[in-house]
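The values are calculated or read from the model by the stated rules, or taken from the named source; none is laboratory data. This one's a predicted model, so the numbers in the text were calculated from it and none came from an experiment. Backbone-built Cβ (ideal geometry, glycine too); neighbour counts: all protein chains shown.
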Amino acid sequence: MTAFAPDWLYLREPADAAARATELVDPLLDFLPDGDEVVIRDLGCGTGSLGRWLAARLPGTQHWILHDHDTDLLTHACGSLPRTALDGSPVDVVTEQRDITALRAADLAGTSLVTASALLDLLTRDEVTALATAIAGAGCAALLMLSVTGKVELSPADPLDPAVAAAFNAHQRRVTEDGRRLLGPNAVDVAATAFGRLGARVVRADSAWRLGPDQAELQRQWLEGWVGAALEQLPELRPVVDVYLQRRLEMARSGELHAVIHHSDLLVLPPSLEVAA
């Protein structure tokens, strides 16, 4: 699994929060048990940004189990989630350091909801299929947010935008050093299909980052990462893309750049519950 620096995760949190598909919360509430404790497992929790966003939007007593491979991130996350729910009920938080790709249905027994943010695109087809099988087998819901779709819109446009985007998307689908072929922008379609084949109900919603001039630092760090990944995939682009990056960074500094980075959110519910799309 890819490791992310806490500073980057904190910097992106406001953009994540603004992008998340709030329209998926109401159908989720229809599924969650009324009056009983809700057990929520957050996979790859990072600094806990999804928990901070969601816990206060859900009523009732909540028990959050935060999963990550990074002990420092788990410590950050555990101490930062709200301790009261939407209706003032208590929220308690524990952590588990484990390989989330090895989770099976038995591991999710008693879980009401599985959540994850910016995770699916870091997984392989087999890993997504196994996760879907575990969630469906346990009969719990899933809220899987902010998976990249590969579509980026920059304004003003530049002739090199499509080439950089294509190289970045290829990098997201790369074969890693340990032989894992990542899904990248294909992850949402693969996950939705996997859950659908298992009889689950899937609701999909757009969740785009919309970065304006007031987010120049986030624009800068995102641009450097986006272009850096593209060059790692296609080093032969460097002579023209180095100049392209400097041009884009100057636009960000001067407040001229607007960026829309598209993501997709999935709400997955057991087949017994009817959901309005």
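In the stretch 233-255, the residues that are without any contact (Cβ under 8 Å) to a residue 12 or more places away in the chain and over 16 Å from Ala157 (Cβ atoms) reach residues that are part of a helix (DSSP H, G or I) and of a type outside the set (Val, Ile, Thr) with C-beta atoms within less than 7 angstrom, at least six apart or across chains, in these pairs: Arg238/Leu231.
Among the residues making up the stretch 148-166, a single one is under 13 Å from Ala259 (Cα atoms), in contact (Cβ under 8 Å) with a residue 12 or more places away in the chain, hydrophobic (A, V, I, L, M, F, W, C) and not in a strand (DSSP E or B): Ala165. Here His69, His63, His76 are screened, and the one residue that is at pLDDT below 95, surrounded by 15 or more Cβ atoms within 10 Å (Cβ to Cβ) and either of a type outside the set (Phe, Trp, Tyr) or not in a loop (DSSP other than H, G, I, E, B) (or both) is His76. Taken over the stretch 104-147, the criterion of being part of a loop (DSSP other than H, G, I, E, B) and surrounded by fewer than 21 Cβ atoms within 10 Å (Cβ to Cβ) is satisfied by Arg104, Ala109, Gly110, Thr124, Gly139. Counting the residues of the stretch 6-54 that are at positive phi and either of a type in the set (Phe, Trp, Tyr) or surrounded by fewer than 22 Cβ atoms within 10 Å (Cβ to Cβ) (or both) gives 1. Within the stretch 49-70, residues that are more than 16 Å from Phe31 (Cα to Cα) sit with their Cβ atoms under 8 Å from residues that are in a helix (DSSP H, G or I) and among the small types (Gly, Ala, Ser), at 6+ positions apart or across chains, in these pairs: Ser49/Ala17; Gly51/Ala77; Trp53/Ala17; Trp64/Gly51; Trp64/Ala55; Leu66/Gly51; Leu66/Ala77; Asp68/Ala77.
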